[in-house]
Amino acid sequence: MTPHYGEPQVAVGIAMVVISALLAAVFVVGWRQSVADVPYERVQAVGYWVRKRWLAFLCALLVVVIGLSLFELPYARGGTHGTVVTVKGGQFFWSIDPARIRADVPVRFDVTSLDVNHGFGIYDPAGHMIGSVQAMPGYHNKLDLTFHTPGVYHVLCLEYCGLDHHLMQASFTVAP
Amino acid sequence: MTLEAATAPVVHPRFAELEATEPRVTERHVAWLFVGTGVALFAVMGLAGLAMRLTQAQVLGLSPAWFYRLMTLHGAGMLAGVLLGTMGALWYVVRQTVPLSMGRLLVSYVLIVGGAVAVVVATMVGGFATGWTFLWPLPFHSFGQWPTWATGTFLVGLLCIGAGFFVFCLDVLMKTTETYGGLLRTLGITYLRGRDDSPPPPQVLAATVVAIEGLEACAAGVMILVALISRMLDSKLTIDALWAKNFTYFFGHSVANLTIYLAIGAVYVLVPRYAGRPWKTTKPIVVAWLFTLLFVMAAYSHHLYMDFVQPGGLQVLSETASFAAAIPVGVITVFTGLMLVWGSRYRWTLASSLVYLGFAGWVIGGTGAVLDSIIPFNFRFHNTLWVVAHFHTYLLLCVVFWELAFVTYLLEEAAGRTASRAQTRLALGGMVIGGYGLVAVWYLSGVLGVPRRYAVHPAGTAGYSLAASIFVMIFALGFLVLLWALVGLARTAHARRYENVEVRDTWSNSRWRVRRRLDEPDGALRPLPRVAEPLGVVFTGPVQLGLAVATAVVLHVAFLPQTVDAAEKSTGYYSLDHAGQFLLGALVGAIVASLPRVAARLDRRTADLGIAAVIAVPAVMMLVMLPSLYGPLVGRPALQFLYHVGIAALGVVLGLGAGALGKVTGRFALLIGVSMAVMYAAGIGGG
């Protein structure tokens, strides 16, 4: 399987580039201004004015971002009305039952491990990473997803599990 | 604007007006030992990293078995190296105002270096390859790749590294709180409430917060490592995977994160040298450190976002704490650093440039971390190369830069000059281009969804690894130029320590010149500062003593019958029962140590014994809870009784040991010692 850039990931990547560029610009300006001779009282007066607003902005951003994220939590809640897919990870294989599911039908993945920790990473037919959940011995992690695009979905292990970790791959099919 | 040329002064002209103390000879030597070892470990582990990247680029043909061995070594070795370097730097700056113990610091050094050697043996000779995270139960599912002794060697190695940091934190907490008169005053809370006009300097605030968080993190580390060692000794022991993962990351994430906060302590002292402005403790700085104390500990759980069985409240708390931890950094620490530099006629040297660049690495890496800490984003980035990108940004381009800045500062001070402009530009240019290029490729690969910790990357992605390898080599070239510049500074420094003196032979009347070593400056040999108040006792006054006795009795009477009863049905409760006996013993020990007659005999030597006791006793207590030790005693009441008395006796030793550490550190050691036993009971079973 060859991975491809996923859309939400690209958006996050662009956010990273923009924020990093702004921060880098601040440091370049700071570097250029470092040779000037400005009384510290003046720097403090302006700096404290900016800092108060910067603090308020970051606090507001925190509330907004955390608040919005609560609507998009991947954790399964309540019962399921769709297909339950049992996933078991072992060194170095995946057991996915059933391995053929229907498009547009809610799916609950019931993920566990037979030995060590594994990561159930799902990639769509085009190679976009669409999410992951851990497979932990003694526990069942439940992930709800609905697939709209038919095709063969690939699974890679996303938790280091030993010698053939990178070979621990599988697939399941989403039928139209 | 240009960088200062060679032979320019290495401090700001206004620095002489600031109240600064000359470091002592011992402080310089110890700093050299720590930072020198840290930089050497960084260089070696960096080579291991390059070998891994070249393998992923399909240039080097390392087998997966060797790749994962190197990966394990790289992670654990880097952690040890960065920890040593930042510990040395913080100790150096704090000891100028706080009489930290050199003996205890050297014990830390021996433990951490010994631990690092054990990790090298376990991985390179024994083939141990679980990654530095050693997630239960992977160490026991080697798939024929490593023997049991390699598992034991690795676990004991990490235990030594954790114990070394534990000793350091205990000494720092003990000495800072003694010097500044109690925990509230040392953390600046008294100042915040307007009852103190002279708060401790910011490096002492940093050291105290790091010590508290380091003790908690190391306690978790000792607990999980002892659990795995116990499992190695007794296959009947079972360990809960979720419990193990929580404590493994509480230990590993926190210690790695604390290296930044160790380093910032040194930066508080370095920036004023180049900006000519003091970095004073202010109320916002105190508030920032108090929030850091809260947020850093709660953030670890973002490693478990994709473990959906982790309680949801803890997930959201971790998400909030991970984001919020960036606020004190962005609003107070880095912002104040920029204000100090702005318009200051900053003295640009090789060291001061590295300090400045480190701030940028911290906030840019922090941005990557905050984005990854938002749960819906993490759903798509968890364990991809994005994770590797963000922590390398702030470890390589902030912590390592500050570690190198500290080495450079020591040499610039000794040489009285900085590196040449060409050397400075080449070194910084190489490391900045190489470093940011390396992490940019990782961020890009994370966006692509490439998993981390893969010996062989998915098809079509080898080009990213090749590009990253080239950037690593550019970084390495910059690093080599830096080393070359440092050698030049060291030679100048060496020459400055001697003077040429003309000597005349009275017999032949001939004259010649000899080199004579100059004396150290007076300030370098001055005595250590005195502490403001003696250690104090764990329970002060009859009221506290009475409360402690009452608590012990009530806890045991209320708790024990139920736990004994439940012990017959559940191993978890049976371990909890032992934790109860341990708690009783510990309180008795602390009460005894608080009695005036006993407290009067406590001194530095008993404090050393106390440190040994509070580290070793909880570990021993957890080790003797093996099912194969306790199991045969069931149905033999006399032996069972003796076993329980033995557990309580261990508690007494812990209490006495904590008592020897004084009021603040003693209470803290008592709390975490008993907590380790209780939390251990929550996660293990079997038998």
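The values are calculated or read from the model by the stated rules, or taken from the named source; none is laboratory data. Since we're looking at a predicted model, the values are computed, not measured. We place every Cβ from the backbone using ideal geometry, glycine too, and count neighbours over all the protein chains shown.
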Per the list (1) more than 10 Å from chain B (Cβ to nearest Cβ); (2) in a loop (DSSP other than H, G, I, E, B); (3) at pLDDT 95 or above, residue check on A:Tyr153 breaks on (2)
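Working carefully through the options B:Val119, B:Val113, B:Val125, find the one that is farther than 24 Å from B:Ser465 by Cβ, modelled with pLDDT of 95 or more, more than 11 Å from every other protein chain (Cβ to nearest Cβ) and crowded, with 24+ Cβ neighbours inside 10 Å.
Residue meeting the stated conditions: B:Val119.
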Can you tell me which residue is farthest from B:Val388 (Cα to Cα) among those in the range B:291-320 that are among the β-branched types (Val, Ile, Thr) and more than 9 Å from chain A (Cβ to nearest Cβ)?
B:Thr292
For the range B:373-405, give me each residue that is facing chain A (nearest Cβ under 10 Å), within 24 Å of B:Tyr464 (Cα to Cα) and touching a residue at least 24 places away in the same chain (Cβ under 8 Å).
B:Asn378, B:Phe379, B:Arg380, B:Phe381, B:His382, B:Asn383, B:Thr384, B:Trp386, B:Ala389, B:His390, B:Thr393
Restricting to the range A:128-141, and then to whatever is touching a Phe, Trp or Tyr at 6+ places or on another chain (Cβ under 6 Å) and in contact (Cβ under 8 Å) with a residue 40 or more places away in the chain, can you tell me which residue is farthest from the other protein chains (Cβ to nearest Cβ)?
A:Ala135
Those residues that are under 26 Å from the mean Cα position of the chain (by Cα) and crowded, with 22+ Cβ neighbours inside 10 Å, I need them from the range B:418-433; list them, please.
B:Met431
I need the full set of residues from the range A:1-15 which are more than 7 Å from chain B (Cβ to nearest Cβ) and free of Cβ contacts under 8 Å to residues at least 12 places away in the same chain, in order please.
A:Ala11, A:Ile14
Do you know which of the residues in the range A:144-169 that are closer than 26 Å to B:Leu135 by Cβ and either outside the structural domain of A:Gly127 (by TED's automatic domain parsing) or among the aliphatic types (A, V, I, L, M) (or both) is surrounded by the fewest Cβ atoms within 10 Å (Cβ to Cβ)?
A:Leu167
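Which of the residues belonging to the range A:117-154 are of a type in the set (A, V, I, L, M, F, W, C) and within 15 Å of the chain's Cα centre (by Cα)?
Pass one, the range A:117-154, residues of a type in the set (A, V, I, L, M, F, W, C): A:120, A:122, A:126, A:129-130, A:133, A:135-136, A:143, A:145, A:147, A:152.
A:Phe120, A:Ile122, A:Met129, A:Ile130, A:Val133, A:Leu143, A:Leu145, listed by residue number.
Of everything in the range A:42-51, what is under 28 Å from B:Thr320 (Cβ atoms) and at the interface with chain B (Cβ under 9 Å from one of its Cβ atoms)? Give them in sequence order. Steps first, please.
Restricting attention to the range A:42-51, the residues satisfying the condition of being under 28 Å from B:Thr320 (Cβ atoms) are A:47-51.
Result: A:Gly47, A:Tyr48, A:Val50, A:Arg51.
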Where a residue in the range B:321-344 is more than 7 Å from chain A (Cβ to nearest Cβ) and its partner, wherever it lies, is aromatic (Phe, Trp, Tyr) and crowded, with 22+ Cβ neighbours inside 10 Å, with Cβ under 6 Å and at least six apart
B:Val334/B:Phe359; B:Gly337/B:Phe359
Suppose the filter is of a type outside the set (A, V, I, L, M, F, W, C), under 26 Å from the mean Cα position of the chain (by Cα), assigned to a helix (DSSP H, G or I) and surrounded by fewer than 19 Cβ atoms within 10 Å (Cβ to Cβ); does B:Gly36 pass it?
yes
State whether one or more residues within the range A:20-39 are more than 7 Å from every other protein chain (Cβ to nearest Cβ), part of a loop (DSSP other than H, G, I, E, B) and over 18 Å from B:Ile364 (Cα atoms).
yes
Filtered residue count, the range B:345-355, keeping only those that are within 20 Å of B:Ala485 (Cβ to Cβ) and at the interface with chain A (Cβ under 7 Å from one of its Cβ atoms)
1
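In this structure, does A:Val65 turn out to be over 30 Å from B:Ala462 (Cβ atoms), in a helix (DSSP H, G or I), more than 7 Å from chain B (Cβ to nearest Cβ) and hydrophobic (A, V, I, L, M, F, W, C)? Quick ask: steps written out before the conclusion?
Numbers: over 30 Å from B:Ala462 (Cβ atoms): yes; in a helix (DSSP H, G or I): yes; more than 7 Å from chain B (Cβ to nearest Cβ): no; hydrophobic (A, V, I, L, M, F, W, C): yes.
When the stated conditions are applied, A:Val65 does not pass them.
Among residues belonging to the range B:421-480 that are assigned to a helix (DSSP H, G or I) and touching an Asp or Glu at 6+ places or on another chain (Cβ under 9 Å), point out the one that is nearest to A:Gly127 (Cα to Cα).
Step by step, filter the range B:421-480, then rank; the result is B:Gly446.
B:Ser318 - would you say it is surrounded by 24 or more Cβ atoms within 10 Å (Cβ to Cβ) and closer than 18 Å to B:Tyr249 by Cβ?
Numbers: surrounded by 24 or more Cβ atoms within 10 Å (Cβ to Cβ): no; closer than 18 Å to B:Tyr249 by Cβ: yes.
Here the answer is no, as B:Ser318 does not meet what is asked.
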Here are B:Trp348, B:Trp362: which of them is farther than 30 Å from A:Val155 by Cβ, in a loop (DSSP other than H, G, I, E, B), in contact with a Phe, Trp or Tyr (Cβ under 8 Å, 6 or more places away or on another chain) and in the same structural domain as B:Phe475 (by TED's automatic domain parsing)?
B:Trp348
Answer from B:Ala490, B:Ala524, B:Ala455, B:Ala462 - the residue that is at pLDDT 70 or above and closer than 26 Å to B:Leu354 by Cβ
B:Ala490
Identify the single condition in (1) crowded, with 23+ Cβ neighbours inside 10 Å; (2) closer than 17 Å to B:Phe166 by Cβ that B:Asp608 does not satisfy, given that it satisfies every other one.
(1)
Within the range B:605-629, can you find the residues that are free of Cβ contacts under 8 Å to residues at least 24 places away in the same chain and not hydrophobic (A, V, I, L, M, F, W, C)?
B:Arg605
Determine whether B:Ala298 is surrounded by fewer than 22 Cβ atoms within 10 Å (Cβ to Cβ), assigned by TED's automatic domain parsing to the domain that holds B:Pro137 and under 19 Å from the mean Cα position of the chain (by Cα).
yes
Conditions first: (1) more than 21 Å from the chain's Cα centre (by Cα); (2) farther than 30 Å from B:Tyr454 by Cα. B:Pro328 passes all but one, so which condition is the exception?
(1)
